[in-house]
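Asks: Before I ask anything, here is the structure I am working with.
The values are calculated or read from the model by the stated rules, or taken from the named source; none is laboratory data. These numbers come from a predicted model, not from an experiment. Using ideal geometry, Cβ is built from the backbone for each residue, glycine included, and neighbour counts are taken over all protein chains shown. SASA here: full protein model, heavy atoms, side chains in, ligands and nucleic acids out. Shrake-Rupley method; radii C 1.70, N 1.55, O 1.52, S 1.80 Å.
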Amino acid sequence: MPGSRYIVWDTAQLEAVLQKDPALRNALLAHLAAATAKKLFEVSRYLGRVEARVVSRYLEARVVSRYLGI
């Protein structure tokens, strides 16, 4: 997916490192939460724009059909 980056960790190793360093754990969780929130906002905004265009085209079609008596 464009704009995405996939990172893979060995779960056991990552858990061990994060247990030893709570500040690193908090930083990683904060970063993941912020990145997820940003992506959710962007998707929601995009879907809102798409919905607005669909509604606009639907209303335009209704006006034209009433004008033409269809």
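Asks: Leaving out ligands, DNA and RNA but keeping every protein chain, what accessible area does Tyr58 have, in Å² rounded to the nearest 10, with a 1.4 Å probe?
Replies: 130 Å²
Asks: Whole-Hz Karplus ³J(HN,Hα) for segment 62-68, in order, using 6.51 cos²θ - 1.76 cosθ + 1.60 and θ = phi - 60°, x for Gly and Pro?
Replies: My calculation for segment 62-68 gives 5, 5, 5, 5, 5, 5, 7 Hz in order.
Asks: So what J values fall out for segment 35-42 if you push phi through Karplus, 6.51 cos²θ - 1.76 cosθ + 1.60 with θ = phi - 60°, rounded to Hz, Gly and Pro as x?
Replies: Computed from phi, the couplings for segment 35-42 are 5, 5, 4, 4, 5, 4, 4, 4 Hz.
Asks: Follow-up. What translational diffusion coefficient, in µm²/s and rounded to a whole number, does the Stokes-Einstein relation yield for the chain at 37 °C and a viscosity of 0.692 mPa s, taking the hydrodynamic radius as the Kirkwood radius over Cα pairs?
Replies: In µm²/s, the coefficient rounds to 201.
Asks: Taking the chain as a Gaussian network, where each spring joins two C-alpha atoms under 10 Å apart, which residue of Leu47, Leu14, Leu29 fluctuates the most?
Replies: Largest GNM mean-square fluctuation: Leu14.
Asks: For Ala34 and Ala61, what does the FRET efficiency come to when R0 = 35 Å and r is the distance between their Cβ atoms, rounded to the nearest 0.05? Intermediate values should be presented prior to the final figure.
Replies: Working: r = 41 Å, r/R0 = 1.17.
Computed FRET efficiency for Ala34 and Ala61: 0.30.
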